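The values are calculated or read from the model by the stated rules, or taken from the named source; none is laboratory data. Computed from a prediction, not measured in an experiment: that's the story for all the values here. Here the Cβ positions follow ideal geometry from the backbone for every residue, glycine too, while neighbour counts run over all protein chains shown. The accessibility values were calculated without ligands, DNA or RNA, using every heavy atom of the protein model including side chains. Shrake-Rupley method; radii C 1.70, N 1.55, O 1.52, S 1.80 Å.
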Amino acid sequence: MQPITRFLADEAATITLGEDLALALKVGDCLALSGDLGAGKSTLARAFLRAVADDDSLEVPSPTFTLVQSYELRIPVAHFDLYRLGDASELDELGFDEALSLGVCLVEWPERAEGALPAGRIVLSITHEANGRTVSISGPEDALQRIARSLVIRDFLAGNGIAEARRRHLSGDASVRAYERVDGRDGRPARILMDAARHKPGPILQDGKYYQQLAHIAEDVIPFVAIDELLRERGFAAPAIYARDLEQGILLIEDLGSDGVLDDDGNPIDARYVESARLLAGLHAAPAKRNITLADDVEHHIPDFDRTAMKIETRLLIDWYLPWKRGAPATEQERQEYASIWDELIDLIKTSEKNLLLRDFHSPNIIWRADHEGFQRVGLIDFQDAMIGPTAYDVASLVQDARVTIEPALASRMMHAYLEGRRSTSSFDEALFLRDWHLMSAQRNCKLVGIWVRLMQRDGKPGYMKHMPRTFAYLEVALQHEALKPLRDWCMKTGLIGPESAN
């Protein structure tokens, strides 16, 4: 990849670049800042550190005499100034390698230790040009791609009238999406920037398709925009979209707030969960549109939660969880039996009530808006993977929140609230819905136990394994319905449920 070049007209532009780099660098990156005295290296380093700290007043003393200054931030940062370095070997005494393994290293005057710095470093060279500066950034392709993406986002903001907006990391999730809080410094409330570049195709798994296609996972931002429009049209609290670049996968959206459905200790707030269940009843009270045309003549067809999608998700249990649990893959007989059981269970869904399912309707994706009324109190996000499928799916997702333990009493209150809201619907079959609730609960939890292992083994995110015991407890509840007896018997036979199953 060719070096990245930017012209910085003034000190404000240098500070902006520092903020942009703070959104791009990650643990293990070494950023070597090269340039003459007064080139702006310290200005850029200071802006970078304040952006990572999300603190514009952070004291950033020059490490000229101490040689290194360390900061315990969201990403740990070690700021090195090697101007007074006597010998490159002194880097070991300064703890450079350890700092790089734990976070990001910013290095001013890298020329003093050329041979001792990592070969894969990012080199940012600053030269004076007219009344400004020219910056050239070179380094490994992966790092340059991350930096280039951050600069594309800056150009998007500039194109929408907020070139000097303050950008701050907000969150990432188990997917490739990332979110930033954007303060336009224009007196308006902060907005949220969704960074969702198009998915890269994975390995072909079936029928010439990869996992995202088989499971109907959104591959760009078009489904989010379409479902957002549908929800807002129906009177639900999805975020307003202020600006969008569908091709680049960048959206500037309304900040619905930061209050959720959990208390400060991470426990469910009962009333908020119950109101969320009522919202689902309202959502399912009328049929959803299948095709949504966006203003730029792009159409989104909401896919069905079909047999292929259900089975590719349930396979995660046998492809990822079972081999991790046993230390050996499933036998061919086990795989065939498991697939056959799910074929029979999915056949039952032919009679299910179907509507829009948001897919991940649980605590991370519900915003509580206490200053609003009715369904507007429940803010909705992260619905880009929505499908048309059994209405019971989202109710199971909420009542058995994958990220927090829902006690039976609260689960019962949520089910009661949902059912009360649906009983006025003449076509609603409560007994059929309850069967589907158990079936969808089993499908979702068979998927999740595999996802937790996949996130740990493939994606290097072991933190999700803490949810495993809860997921198995939910699965055992699902398997109590008589329609699920074949799956329960198979899980018992293979040792997947029982006293030690989730350990």
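Taking the condition open to solvent by 50 Å² or more (accessible area, probe 1.4 Å), among the acidic types (D, E) and at pLDDT 90 or above, does E111 pass? It would help to see each step written out before you state the result.
Working: open to solvent by 50 Å² or more (accessible area, probe 1.4 Å): yes; among the acidic types (D, E): yes; at pLDDT 90 or above: yes.
Yes: the conditions hold for E111.
Looking at region 327-357, which of its residues are free of Cβ contacts under 8 Å to residues at least 12 places away in the same chain and assigned to a helix (DSSP H, G or I)?
E332, Q333, Q336, S340, D347, K350
Within region 291-308, which residues are closer than 21 Å to D360 by Cβ, of a type outside the set (V, I, T) and touching a strand residue (DSSP E or B) at 6+ places or on another chain (Cβ under 7 Å)?
Taking region 291-308 as the starting set, the residues that turn out to be closer than 21 Å to D360 by Cβ are 292, 300-308.
Okay, now just the ones that are also of a type outside the set (V, I, T), so 300-301, 303-307.
Scanning region 291-308 gives H300, H301, P303, D304, F305.
Quick check on my filter: what residues within region 177-234 are part of a loop (DSSP other than H, G, I, E, B), within 26 Å of G374 (Cβ to Cβ) and small (G, A, S)?
Scanning region 177-234 gives a single hit, A190.
Considering only residues that are assigned to a helix (DSSP H, G or I) and surrounded by fewer than 16 Cβ atoms within 10 Å (Cβ to Cβ), which ones fall in region 400-433?
Matches in region 400-433: P408, A409, S412, H416, E420, E430, A431, L432.
Can you report the number of residues in region 137-188 which are under 19 Å from T16 (Cα atoms), without any contact (Cβ under 8 Å) to a residue 24 or more places away in the chain and of a type in the set (K, R)?
Total meeting the criteria: 1.
If you check L316 against the conditions, is it under 23 Å from the mean Cα position of the chain (by Cα) and surrounded by fewer than 21 Cβ atoms within 10 Å (Cβ to Cβ)?
no
Checking D382 against (1) at pLDDT below 95; (2) within 21 Å of V453 (Cα to Cα); (3) not β-branched (V, I, T), which single condition isn't satisfied?
With (1) at pLDDT below 95; (2) within 21 Å of V453 (Cα to Cα); (3) not β-branched (V, I, T) applied to D382, the lone miss is (2).
I'm trying to understand the selection: among the residues of region 71-108, which are among the small types (G, A, S), open to solvent by less than 60 Å² (accessible area, probe 1.4 Å) and farther than 17 Å from V52 by Cβ?
If the condition is that a residue be among the small types (G, A, S), open to solvent by less than 60 Å² (accessible area, probe 1.4 Å) and farther than 17 Å from V52 by Cβ, then A88, G95 are the ones that fit.
Would you call M456 open to solvent by less than 60 Å² (accessible area, probe 1.4 Å) and either under 23 Å from A330 (Cβ atoms) or in a helix (DSSP H, G or I) (or both)?
For M456, the condition - open to solvent by less than 60 Å² (accessible area, probe 1.4 Å) and either under 23 Å from A330 (Cβ atoms) or in a helix (DSSP H, G or I) (or both) - is met.
Quick check: anything in region 18-29 surrounded by fewer than 18 Cβ atoms within 10 Å (Cβ to Cβ) and either among the polar types (S, T, N, Q) or farther than 21 Å from I137 by Cβ (or both)?
No: region 18-29 contains no residue that is surrounded by fewer than 18 Cβ atoms within 10 Å (Cβ to Cβ) and either among the polar types (S, T, N, Q) or farther than 21 Å from I137 by Cβ (or both).
Let me spell it out: the conditions are (1) free of Cβ contacts under 8 Å to residues at least 40 places away in the same chain; (2) open to solvent by less than 60 Å² (accessible area, probe 1.4 Å); (3) not β-branched (V, I, T), and A32 meets all of them except one. Which number is the exception?
Failing condition for A32: (1).
Do the conditions hold for A483, that is, is it surrounded by 19 or more Cβ atoms within 10 Å (Cβ to Cβ) and not β-branched (V, I, T)? I'd like the intermediate steps shown before the answer.
Values: surrounded by 19 or more Cβ atoms within 10 Å (Cβ to Cβ): no; not β-branched (V, I, T): yes.
No, not satisfied.
Within region 183-213, which residues are touching a strand residue (DSSP E or B) at 6+ places or on another chain (Cβ under 8 Å) and surrounded by 20 or more Cβ atoms within 10 Å (Cβ to Cβ)?
R191, L193, M194, D195, A196
Which of the residues belonging to region 42-70 are surrounded by 20 or more Cβ atoms within 10 Å (Cβ to Cβ), under 28 Å from N131 (Cα atoms) and touching a Phe, Trp or Tyr at 6+ places or on another chain (Cβ under 8 Å)?
Matches in region 42-70: L49, P63.
Restricting region 450-503 to residues that are among the hydrophobic types (A, V, I, L, M, F, W, C) and touching an Asp or Glu at 6+ places or on another chain (Cβ under 7 Å), which is modelled with the highest pLDDT? Quick ask: steps written out before the conclusion?
Filtering region 450-503 for residues among the hydrophobic types (A, V, I, L, M, F, W, C) gives 451-453, 455-456, 465, 468, 472-473, 475, 477-479, 483-484, 487, 490-492, 496-497, 502.
Checking which are touching an Asp or Glu at 6+ places or on another chain (Cβ under 7 Å) leaves us with 490, 497.
Values: W490: 96, I497: 82.
Top of the filtered list is W490.
Scanning region 155-206 for residues that are over 26 Å from D10 (Cα atoms) and among the β-branched types (V, I, T), which turns out modelled with the highest pLDDT?
Checking each candidate, the answer is I192.
Which of the residues belonging to region 320-341 are under 17 Å from I497 (Cα atoms) and open to solvent by less than 60 Å² (accessible area, probe 1.4 Å)?
Once the filter is applied, which keeps residues that are under 17 Å from I497 (Cα atoms) and open to solvent by less than 60 Å² (accessible area, probe 1.4 Å), region 320-341 yields Y321, L322, P323, A330, E334, E337, Y338, I341.
For L439, state whether it is under 20 Å from R488 (Cα atoms), more than 26 Å from the chain's Cα centre (by Cα) and open to solvent by 10 Å² or more (accessible area, probe 1.4 Å).
Against the criterion (under 20 Å from R488 (Cα atoms), more than 26 Å from the chain's Cα centre (by Cα) and open to solvent by 10 Å² or more (accessible area, probe 1.4 Å)), L439 does not qualify.
Any residue at all in region 390-398 that is small (G, A, S), within 22 Å of D489 (Cα to Cα) and surrounded by fewer than 18 Cβ atoms within 10 Å (Cβ to Cβ)?
There is no residue in region 390-398 that is small (G, A, S), within 22 Å of D489 (Cα to Cα) and surrounded by fewer than 18 Cβ atoms within 10 Å (Cβ to Cβ).
Could you identify the single residue in L82, L117 that is farther than 30 Å from P189 by Cβ and touching a Cys at 6+ places or on another chain (Cβ under 8 Å)? Please lay out each step first, then the result.
Numbers: L82 fails: touching a Cys at 6+ places or on another chain (Cβ under 8 Å).
Matching residue, one of L82, L117: L117.
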